[in-house]
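Chemist: What follows is a single structure, and I will ask about it in a moment.
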Amino acid sequence: MSYTAGILYPGYSAEDDYPALEGLLGAGIRLPLVHTLMREDAHRVDALLDIGSDDVLADGARQLLEHRVQSVIWACTSGSFVFGWQGARDQVEKLQAVTGLPTSSTSFAFVHAAARLGLRRVAVAATYPTDVAAKFVEFLQSADLEVVRLSSRGIITAAEVGTLERAEVLDFAAANDDDHADALLMPDTALHTAAWLGDLEDRLGKPVLTANQVSAWEALRLAGDREAHDGLGTLFRNGTGGERGVSPE
């Protein structure tokens with residue numbers, strides 16, 4: 001089977017994770033990507049509300065449809081959870097009205113991935129400023145996930161996050177895990193992680209969920225892929241489960 005899962009990605013920072021993931025997933029998987037408008041690169045609530053606004057996403061979605069995709073993911077965690085749980089659902093529903101396809105966002109991808117792995121307690125290592133990271137915690141709590149530790153790196157721009165290299169990412173993850181957490185979540189799609197998913201889990205000895213990883217997983221889940229995939233962490237080894245086209249709940 002072949003699957004084409006569309007990625008809407010804000011601006012430019014770690015978008016090269018998606019061709020990397022596509023290569024790791026192998027033949028039959030395509031992850032075409034469209035860059036959405038980012039008027040201001042800032043992990044600040046007002047800027048994030050603009051990044052995730054209806055007109056910006058609709059414009060990107062119309063371009064993505066030219067790639068004959070089977071599903072669409074808004075690959076931006078902060079540009080979805082900043083709207084709150086209901087606002088993020090409304091965002092997805094409006095985007096799905098444009099695409100006519102199974103559609104989701106990275107924030108819901110984290111929730112669905114946690115459910116797939118049976119996670120109950122998680123640690124969060126966020127690159128965002130503290131006030132933005134706290135909104136991600138609130139989003140996870142709406143899904144009955146207990147956040148036992150929140151760490152914030154305080155980086156304002158996605159561009160700067162995208163410059164973090166392997167050793168920095170692994171050290172950041174290891175320094176901010178918690179023994180009581182079932183898994184560590186790293187919620188910024190501006191953070192490169194695709195090539196280091198195995199390294200992250202080896203370092204921590206537990207599942208690690210990263211934003212670009214869960215975005216690709218969610219997009220493929222919605223496209224109908226049911227296969228397990230090696231080399232991309234515990235999440236992909238467990239497959240997607242569920243049904244094709246299930247919307248965020």
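Chemist: For labels at GLN141 and VAL45 in the simple 7 Å Cα→Cβ model, what's the distance in nm?
Modeler: 1.5
Chemist: How many percent of Cα pairs in the chain exceed 31 Å?
Modeler: So the portion of pairs separated by more than 31 Å is 12 percent.
Chemist: For the chain, give the magnitude of the charge dipole about the Cα centre (Cβ charges: +1 Lys/Arg, -1 Asp/Glu; no others), in debye to the nearest 20.
Modeler: The dipole magnitude comes to about 560 debye.
Chemist: Still on this structure: With only alpha-carbon atoms counted, please give the Rg and Dmax of the stretch 192-242, in Å.
Modeler: 10.6, 32
Chemist: Still on this structure: Give me, ordered by chain and number, the residues 5 or more places off MET38 or on other chains with an amide H under 5 Å from its own placed amide H.
Modeler: Under 5 Å from the amide H of MET38: GLY11.
Chemist: With an 8 Å cut-off on Cα pairs and a minimum separation of 6 or more residues, tell me the relative contact order of the chain in percent.
Modeler: Taking the mean separation of contacting Cα pairs over the length of the chain, I get 24 percent.
Chemist: Sort MET186, MET1, MET38 by heavy-atom solvent-accessible area, probe 1.4 angstrom, most to least.
Modeler: MET1, MET38, MET186
Chemist: Provide the per-residue ³J(HN,Hα) series for the stretch 3-18, in order, calculated from phi with Karplus coefficients 6.51, -1.76, 1.60 and θ = phi - 60°, each as a whole number of Hz, with x at glycine and proline positions.
Modeler: 9, 10, 10, x, 10, 9, 10, x, x, 9, 7, 10, 4, 6, 4, 6
Chemist: Select from THR157, HIS192, ALA5 the residue farthest towards the positive end of the dipole of the chain; place +1 on Cβ of Lys and Arg, -1 on Cβ of Asp and Glu, and compute about the Cα centre.
Modeler: ALA5
Chemist: Apply the Karplus parameterisation 6.51 cos²θ - 1.76 cosθ + 1.60, with θ equal to phi minus 60°, to every residue of the stretch 75-83 and state each ³J(HN,Hα) to the nearest whole Hz, in sequence, with x for glycine and proline.
Modeler: So the Karplus estimates, Gly and Pro as x, are 8, 8, 6, 5, x, 10, 5, 5, 7 Hz.
Chemist: Separate question: Averaged per residue, what accessible surface does the stretch 90-133 expose to a 1.4 Å probe, in Å²?
Modeler: Accessible area per residue, the stretch 90-133: 32 Å².
Chemist: Arrange the peptides 116-124, 5-13, 68-76 so that the one whose residues have, on average, the most other Cβ atoms within 10 Å appears first.
Modeler: 68-76, 5-13, 116-124
Chemist: Identify which of ALA190, ALA109, ALA97 has the largest mean-square fluctuation in a Gaussian network model of the chain, with springs joining Cα atoms closer than 10 Å.
Modeler: For the chain, modelled as a Gaussian network with Cα springs under 10 Å, the answer is ALA97.
Chemist: Using amide H atoms built in the peptide plane, which far-off residues or other-chain residues are under 5 Å from SER105 H to H?
Modeler: Amide H neighbours of SER105: TRP74.
Chemist: Given labels modelled 7 Å from the Cα in the Cβ direction, how far is it in nm from ALA134 to ASP55?
Modeler: 3.1
Chemist: Further question: For VAL124, what residues show an amide H to amide H distance below 5 Å, using hydrogens built from the backbone and excluding near sequence neighbours?
Modeler: ARG149, LEU150, SER151, LEU185
Chemist: What are the ³J(HN,Hα) couplings of the stretch 189-196, residue after residue, when phi is run through the Karplus curve with 6.51, -1.76, 1.60 and θ = phi - 60°? Round to Hz, x for glycine and proline.
Modeler: Values per residue, Gly and Pro as x: 6, 7, 9, 5, 8, 3, 7, 10 Hz.
Chemist: If the chain between ASP16 and HIS67 were fully stretched, how many nm would it gain, using 0.36 nm times the residue separation less the Cα-Cα distance?
Modeler: Here the segment from ASP16 to HIS67 would lengthen by 16.6 nm.
The values are calculated or read from the model by the stated rules, or taken from the named source; none is laboratory data. Computed from a prediction, not measured in an experiment: that's the story for all the values here. Backbone-built Cβ (ideal geometry, glycine too); neighbour counts: all protein chains shown. Heads up: the accessible areas ignore ligands, DNA and RNA and are worked out on the full protein's heavy atoms, side chains in. Shrake-Rupley method; radii C 1.70, N 1.55, O 1.52, S 1.80 Å.
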